[in-house]
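Trainee: I'd like to ask you about the structure that follows.
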Amino acid sequence: MKMARSTTRILCRKIVIMPFITFEGSEGCGKTTQVKRLVIHLEKIGVVPEVFREPGGTLIGEAIRHLLQHSEENHAMTPEAELLLFEASRSQLVREKIEPAITRGDWVICDRFFDSTSVYQGAARKLDPVLVERLNTFVAGDCVPDVTFVLDVDRATARSRLGGRKIRDRMEEQPEGFYERVRDAYRELARRDTGRVVLIDGARHVDQIATEIWRIVRQRFALDSEIRTRRSAR
Ligand code: T5A
């Protein structure tokens, strides 16, 4: 199990943890929606986080994203090539964006991170899980999320949410068993790493989920006292 990384800096003579938060789950679970909701909550208290997505987030990463998801050539891609491309995109993102943001003392939110590789390439594609973990560690180094929200939804719910999309990516075209392996692996991850990974019932209303996530973020990063201090200073 990886140790959580937390950078700290001194703000107003108080030690404040600058969190690294990731969102995970199967396609259509509502991650991106919840990332946006969390950003809104944070901005209301004066925190402007750096937000990234995987694969992507850099020029090289976005080119890799296109290759992985929508290029004509990708139907012939081997699982091994796929694994290395996801790791290549992450390597670029970590060094070009995430590490500098953490060093500056910014909050960082990432829509997918190394858990996606453990789950999709390790558990669902059945590549050697030990090798996948070693590559994750090689690429992410000390950039381990402080908290990871896994949004859990069943396949029918996810499908109905993605139903309107005209362009489906390669993963969304996988057979039924693939979706179940992904979902099971995320649930297993949440059972194994209770300190970092929080399983969220993603089938509820957007507002309910956003409220729960905001409550957990406030608690984990002691934001309530920060909010009270700011209110009383107004
Ligand atoms: N991948 C990625 C790997 O295999 N290995 C890796 O290492 C990495 C990093 C990325 C793909 O790459 C794979 C996993 C993925 O297959 P992507 O295009 O980035 O693909 O897509 P996803 O990350 O899967 O994200 P999606 O956009 O498909 O889904 P989200 O972000 O889970 O869902 P969201 O928020 O966009 O919502 C989808 C729809 O549902 C609605 C939204 O309004 C939207 O219309 N919605 C809700 N509706 C009702 N109730 C709710 N609670 C709702 N929440 C959202």
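Trainee: Give the residue that is farthest from the chain's Cα centre (by Cα), with candidates limited to residues of segment 187-221 that are in a strand (DSSP E or B) and over 19 Å from VAL39 (Cβ atoms). Before you say what the answer is, go through the steps one by one.
Mentor: First, the residues of segment 187-221 that are in a strand (DSSP E or B): 197-201.
Within this subset, residues satisfying the condition of being over 19 Å from VAL39 (Cβ atoms) are 197, 199, 201.
Working: VAL197: 11, LEU199: 13, ASP201: 16 Å.
Result: ASP201.
Trainee: Let me ask another. So which residues in segment 97-121 are over 26 Å from THR33 (Cβ atoms) and open to solvent by 10 Å² or more (accessible area, probe 1.4 Å), if there are any at all? Walk me through it before giving the result.
Mentor: Residues of segment 97-121 that are over 26 Å from THR33 (Cβ atoms), as a first pass: 99-100, 103-105.
Within segment 97-121, GLU99, PRO100, THR103, ARG104 qualify.
Trainee: If you go through segment 57-94 one residue at a time, how many are surrounded by fewer than 20 Cβ atoms within 10 Å (Cβ to Cβ), touching a residue at least 40 places away in the same chain (Cβ under 8 Å) and among the acidic types (Asp, Glu)?
Mentor: Count: 1.
Trainee: Looking only at segment 42-57, which residues are of a type in the set (A, V, I, L, M) and outside any helix (DSSP H, G or I)? Steps first, answer last, please.
Mentor: Within segment 42-57, the first condition is being of a type in the set (A, V, I, L, M), and the residues that meet it are 42, 45, 47-48, 51.
Selection gives ILE45, VAL47, VAL48, VAL51.
Trainee: Just need a number here: residues in segment 27-73 that are among the β-branched types (Val, Ile, Thr) and within 11 Å of the ligand (Cβ to nearest atom). I'd like the intermediate steps shown before the answer.
Mentor: Quick first cut of segment 27-73, residues among the β-branched types (Val, Ile, Thr) only: 32-33, 35, 39-40, 45, 47-48, 51, 58, 60, 64.
After this cut, where a residue has to be within 11 Å of the ligand (Cβ to nearest atom) as well, the list is 32-33, 35, 64.
The number of residues fulfilling the criteria is 4.
Trainee: Among the residues of segment 126-164, how many are open to solvent by 20 Å² or more (accessible area, probe 1.4 Å), more than 8 Å from the ligand (Cβ to nearest atom) and in a loop (DSSP other than H, G, I, E, B)?
Mentor: Qualifying residue count for the region: 7.
Trainee: In segment 95-125, what residues are without any contact (Cβ under 8 Å) to a residue 40 or more places away in the chain and either near the ligand (Cβ under 9 Å from one of its atoms) or closer than 18 Å to GLU180 by Cα (or both)?
Mentor: Within segment 95-125, the subset without any contact (Cβ under 8 Å) to a residue 40 or more places away in the chain is 95-96, 100, 104, 114, 117.
Of everything in segment 95-125, those that are without any contact (Cβ under 8 Å) to a residue 40 or more places away in the chain and either near the ligand (Cβ under 9 Å from one of its atoms) or closer than 18 Å to GLU180 by Cα (or both) turn out to be PHE114, THR117.
Trainee: What is the number of the single condition among (1) among the charged types (D, E, K, R); (2) exposed (fewer than 15 other Cβ atoms within 10 Å of the Cβ); (3) over 18 Å from PRO49 (Cβ atoms) that ARG220 does not meet?
Mentor: (3)
So that you can scan it fast, the table gives a plain yes or no per residue for (1) under 19 Å from ALA140 (Cα atoms); (2) touching a helix residue (DSSP H, G or I) at 6+ places or on another chain (Cβ under 7 Å); (3) at pLDDT below 95; (4) open to solvent by less than 80 Å² (accessible area, probe 1.4 Å):
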| residue | (1), (2), (3), (4) |
| --- | --- |
| MET1 | yes, no, yes, no |
| THR7 | yes, yes, yes, yes |
| ILE10 | no, no, yes, no |
| ILE17 | no, no, yes, yes |
| GLU24 | yes, yes, no, yes |
| VAL35 | no, no, no, yes |
| HIS41 | no, yes, no, yes |
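The values are calculated or read from the model by the stated rules, or taken from the named source; none is laboratory data. Given the structure is predicted, the values throughout are model-derived calculations rather than measurements. Cβ sites come from the backbone with ideal geometry, for glycine too, and all protein chains shown count toward neighbours. Protein only, heavy atoms only, side chains kept; ligands, DNA and RNA dropped before computing areas. Shrake-Rupley method; radii C 1.70, N 1.55, O 1.52, S 1.80 Å.
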